[in-house]
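Heads up: the structure comes next, in structure tokens.
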Amino acid sequence: MTEETFERVARTYGDMLYRVAYHALKNRADAEDVTQTVLLKLYQQGDRFESEEHRKHWLLRVAVNESKKLLRSPWLWRSRAVPLDEQWDAPVSDDPAKRELFQAVMGLETKYRLTIYLYYYEGCSVKEVAAALHANPSTVQTWLQRARERLRRELSEEEEGKGYV
């Protein structure tokens, strides 16, 4: 892989890799580490991809795998509390509704959070999400349904609490 190709791929997919890792790990520093690890693996992999789509799916799968590996790491349990200043540093819109949705999504379990992110934000199909998460497509559909239900319930409870409903 040439340096130019690597730089182009890193610019094209770097933010996506970071967002996938952030949704999995809920921690900026860990997400940055995973992003760097994935890009290093890409560089070591070389240019052995059939197409740009194949490269994107490979990157997604490696990002998910590295995030899961970090979640299983005994070193990660050093302190999982997110500092308050970092919690508000999350990539969120100025729109209160989008911010509320983002916080609700981040409150979901990892499998639901990643499924929602890949499906809605990255535009992956159910089959592509299943491949990235090492799951059956029917399982991904179930996760999507359950995540939507939980988000609907969570957001409607917040609306009731604010007196909007």
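Only the coordinates and a few stated rules stand behind these numbers; no lab work does. It should be emphasised that the depicted structure is a prediction, and the values quoted were computed from it without experimental measurement. Cβ coordinates were reconstructed from backbone atoms using ideal geometry, including for glycine residues, and neighbour counts include every protein chain displayed.
In whole angstrom, how far apart do the alpha carbon centroids of region 88-148 and region 1-80 sit?
One Cα centre to the other: 17 Å.
Could you pull out every one of the lysines with an alpha carbon less than 19 Å from that of K26, ignoring same-chain neighbours closer than 8 positions?
K68, K69, K98, K111
Any idea what the dipole of region 1-61 comes to, in debye rounded to 20, about its Cα centre with Lys/Arg Cβ at +1 and Asp/Glu Cβ at -1?
Numbers: 10 positive and 11 negative charges, 54 e Å.
I would put it at about 260 debye.
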